[in-house]
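The values are calculated or read from the model by the stated rules, or taken from the named source; none is laboratory data. What you see is a predicted model, and the numbers here were worked out from it, not measured in a lab. Cβ coordinates were reconstructed from backbone atoms using ideal geometry, including for glycine residues, and neighbour counts include every protein chain displayed.
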Amino acid sequence: MPGLTLGDTIPDLEADSTHGIIKLYDIIDDSWAIIFSHPGDFTPVCTTELGKMAAYAKEFEKRGVKLVGLSCDDVQSHKEWIKDIEAYTPGCKVTYPILADPNREIIKQLNMVDPDEKDSSGNQLPSRALHIVGPDKKVKLSFLYPASTGRNMDEVVRVLESLQKAGKHKVATPANWKPGDPVVISPTVSNEQAKEMFPQGFETADLPSMKDYLRFTKV
């Protein structure tokens, strides 16, 4: 499924993993999920990232999110690598599955191929990609980083909360929003509807256009 992007349904892949043979839909079930790929085992940035994913696992669990890692090495390599990950991030256990993709088939289906990164045999490697997937199995957000840049887990938590709030309420999150900050009410919601939907009240920005489209509330 090349070109997998926002709104697309992820395929129900079956693959070997550090938790045995798994099917993606069985893992996700009715939950949110974060599927994240890494260029390779025993590499520096990836080791720090998987450690941080383990460190933030409880934060994701509180938000009802399943984690699924992916690297193109085999399961035995993954299991040996986990020892390094846990040693580098003391007190954190890698409890999420890491899929094996030695034939580079899964990264193609999930649109996680880095066209410029190849191993010593000339095989394509995964990009540093991350998909946030909703309970409907559709891609809600994607990050795509080069191999040289590690991801910020606070940003992953931030955008996840934004997506979940938007899905539950008719709101969006403004620039530089952080969990706990006010959100903006969707323009499709009238002021009369907003009074019913947000009994806690809302504030409307005073703009030169005199249009009352920029309304802030807390949810």
Scan of region 20-53 for residues that are of a type in the set (A, V, I, L, M, F, W, C) and assigned to a loop (DSSP other than H, G, I, E, B), ordered by number: 21, 42
Output for region 62-75, where each listed residue is touching a strand residue (DSSP E or B) at 6+ places or on another chain (Cβ under 9 Å) and either in a helix (DSSP H, G or I) or in contact (Cβ under 8 Å) with a residue 60 or more places away in the chain (or both): 63, 65, 75
Every residue from region 36-45 that is in contact (Cβ under 8 Å) with a residue 60 or more places away in the chain and touching a strand residue (DSSP E or B) at 6+ places or on another chain (Cβ under 7 Å): 36, 37, 38, 39, 40
Residue ID - nearest to residue 51 (Cα to Cα), chosen from residues in region 1-38 that are of a type in the set (Asp, Glu) and surrounded by 11 or more Cβ atoms within 10 Å (Cβ to Cβ): 16
Per-region count, region 151-198, residues in contact with a helix residue (DSSP H, G or I) (Cβ under 8 Å, 6 or more places away or on another chain) and either β-branched (Val, Ile, Thr) or surrounded by 15 or more Cβ atoms within 10 Å (Cβ to Cβ) (or both): 12
Test for residue 49: is it touching a residue at least 12 places away in the same chain (Cβ under 8 Å) and crowded, with 18+ Cβ neighbours inside 10 Å: yes
Residue check, residue 54 within 30 Å of residue 168 (Cβ to Cβ), of a type in the set (Gly, Ala, Ser) and at pLDDT 95 or above: yes
Search result, residues across region 89-123 that are at pLDDT 95 or above and surrounded by 15 or more Cβ atoms within 10 Å (Cβ to Cβ): 89, 92, 94, 96, 97, 98, 99, 100
Breaking point among (1) closer than 15 Å to residue 129 by Cα; (2) at pLDDT 95 or above; (3) not charged (D, E, K, R), for residue 9: (1)
Qualifying position, being under 13 Å from the mean Cα position of the chain (by Cα) and either part of a helix (DSSP H, G or I) or closer than 18 Å to residue 37 by Cα (or both), among 155, 192: 155
